[in-house]
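To start, the structure under review is shown below, and the notes come after it.
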Amino acid sequence: MTSTSTATERARPHAGPAWLVLSLACACQFMVILDASIVNVALPSIERELGFTATGLAWVVNGYLLTFAGFMLLGGRAADLFGHRQILIAGLVVFSASSLVGGLATAAEVLVAARMAQGVGAAMLAPATLAVINTNFTEAHARARAFGAWSASGGVGGMAGAITGGAITTGLSWRWIFLINVPIGAVLIAVAMMSLASTRAGRRASLDLTGAVTGTAGLAALIYGVMQSTDHGWTSVQVAGPIVAGLLLLVAFTVVEARFATQPMMPLRLFSIRGVAVGNVMLLLLGGIAIAMWYFTSLFLQNALGYSALQTGLGQTPAAVTFVVIARMAATLLPRTDVRPLVLAGCACLAAGFGWLAQAHADSGYVTSVLGPTLLIAVGIGLTFPTLMAAATADVPEGDAGTIGGLANTASQVGGSVSLAVFATAASARAATEAGGSSPAALAAGYDLVFLMAVGLGLAIAAVSLLLPKHWRG
């Protein structure tokens, strides 16, 4: 690549109109997040048809989440080295092909393997979409609006899972929750080829293999150990072993990146940017907020109030719509107000909403005890999530856009995984102390404890936000 062509690429980062580029990034993010939850409603049908054991069935969900979070840093660095367009298209190919295999699977092992391959494809897509936004939307207002739309698309994908999965499983077959990704993926590949220009570096790229192995294996082992905690005690070999191994591998990864890697997978110099360092700590905490809101509110509606899966999805829809509206609004406000005011306002809503929700019990009404507080929480997440994503990826060199996108997504995913395990343990222990430990009232008491813990996370995010730079430069 000549210097002239390189300069031209930077001046014209996309081949198609900006709206098409943003639509592509949002559609990819929607699909990635949707597939994390769409299978939940279909699990009983999958279990019956493919003969899963109860333990094995969990890996239809966990297999995707494990590789998604574990390979995210690698996917982000690959996007910087080999080109955002190339990795995004490759991610779509892997995601679509593994969806086809999953939809046609006739054995439990094949479906789990397909779900893990889907997670690898998602780990390529998620940071690539952030990199595309960072490199194609450089003006502050445009970038803020793009982050708002990207965040909203992920939120809608997460909430649409229960309703979409239920409708497809009931009307067609569980197989179509995977097969539907194939034509959608083909369309997105065509759009990517038309709308994105190559961003591959002019110099020969080389991947930090030692860093890739230690970093990816460390994250995967850590997350695997945390996932095992739902079936085993925290001090058991099944949990403590992978967690310790994961932490040791991450220490080795840090040493390799700091001392030995010539082209590190995660350049530690990026953490000298205050927005990156502080923003990712806050995203780690916000991952727990999201789990407390969407996952445990869903459990409360079903297990405490007796709602069906479809009723639960519909019951959470107002909060999802609120999140989308507020996320877009936050994107408009960010260039005018800066990061801190939006984050602090969001944290106030989170603390108030979860505090209100923690008062709910098995005899509570939906409107006064669930709808009201979840709308308030949705406002808080809508204000904070796109704002923190913008803060955590600002002031980053263009050549590191994919890496920082992978880091931001990893922080959120790891925070959610760890919080899910901690919250589930706390809720179970609290319910066990109540009379009739599995009764709706006892389960509600466990969920209320989770909501109170989420209040603490909201206050912690507010405290950490004081370390952010005073001015966001986009």
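Looking at ALA352, is it under 19 Å from GLN29 (Cα atoms), of a type in the set (Gly, Ala, Ser) and either part of a helix (DSSP H, G or I) or in contact (Cβ under 8 Å) with a residue 12 or more places away in the chain (or both)? For ALA352, the condition - under 19 Å from GLN29 (Cα atoms), of a type in the set (Gly, Ala, Ser) and either part of a helix (DSSP H, G or I) or in contact (Cβ under 8 Å) with a residue 12 or more places away in the chain (or both) - is not met. Scanning the range 184-215 for residues that are hydroxyl-bearing (Ser, Thr, Tyr) and at pLDDT 80 or above turns up SER195, THR210, THR214. Report yes if some residue within the range 267-274 is in contact (Cβ under 8 Å) with a residue 12 or more places away in the chain, farther than 26 Å from LEU467 by Cα and part of a helix (DSSP H, G or I); otherwise report no. Scanning the range 267-274 turns up no residue that is in contact (Cβ under 8 Å) with a residue 12 or more places away in the chain, farther than 26 Å from LEU467 by Cα and part of a helix (DSSP H, G or I). Scanning the range 361-393 for residues that are hydrophobic (A, V, I, L, M, F, W, C) and crowded, with 23+ Cβ neighbours inside 10 Å gives VAL370, ILE377, ALA378, VAL379, ILE381, LEU383, PHE385, LEU388, MET389, ALA390, ALA391, ALA392. Among the criteria (1) more than 30 Å from HIS361 (Cα to Cα); (2) out of contact with any Ser or Thr (no Cβ under 8 Å at 6 or more places or on another chain); (3) not β-branched (Val, Ile, Thr), the one SER419 does not fulfil is (1). Among the residues of the range 429-449, those that are under 28 Å from the mean Cα position of the chain (by Cα) and under 15 Å from ALA358 (Cβ atoms) comprise ARG430, LEU443, ALA444, ALA445, GLY446, TYR447, ASP448, LEU449.
Listed conditions (1) closer than 26 Å to GLY405 by Cα; (2) of a type in the set (Gly, Ala, Ser); (3) at pLDDT 85 or above; (4) surrounded by 24 or more Cβ atoms within 10 Å (Cβ to Cβ) are all met by GLY102, apart from (1). Within the bounds of the range 354-367, is there any residue that is within 30 Å of ASP80 (Cα to Cα), assigned by TED's automatic domain parsing to the domain that holds ASP448 and of a type in the set (Asp, Glu)? No, that holds for no residue.
Which one of VAL370, VAL396, VAL422 is β-branched (Val, Ile, Thr) and not in a helix (DSSP H, G or I)?
Working: VAL370 fails: not in a helix (DSSP H, G or I); VAL422 fails: not in a helix (DSSP H, G or I).
Selected residue: VAL396, the only one of VAL370, VAL396, VAL422 that is β-branched (Val, Ile, Thr) and not in a helix (DSSP H, G or I).
A residue that is touching an Asp or Glu at 6+ places or on another chain (Cβ under 8 Å), assigned by TED's automatic domain parsing to the domain that holds LEU376 and either small (Gly, Ala, Ser) or part of a helix (DSSP H, G or I) (or both) occurs nowhere in the range 303-325.
The values are calculated or read from the model by the stated rules, or taken from the named source; none is laboratory data. All figures in this text were calculated on a predicted structure; none of them were measured in a lab. Counting neighbours? That spans all protein chains shown, and the Cβs are built from the backbone with ideal geometry, glycine included.
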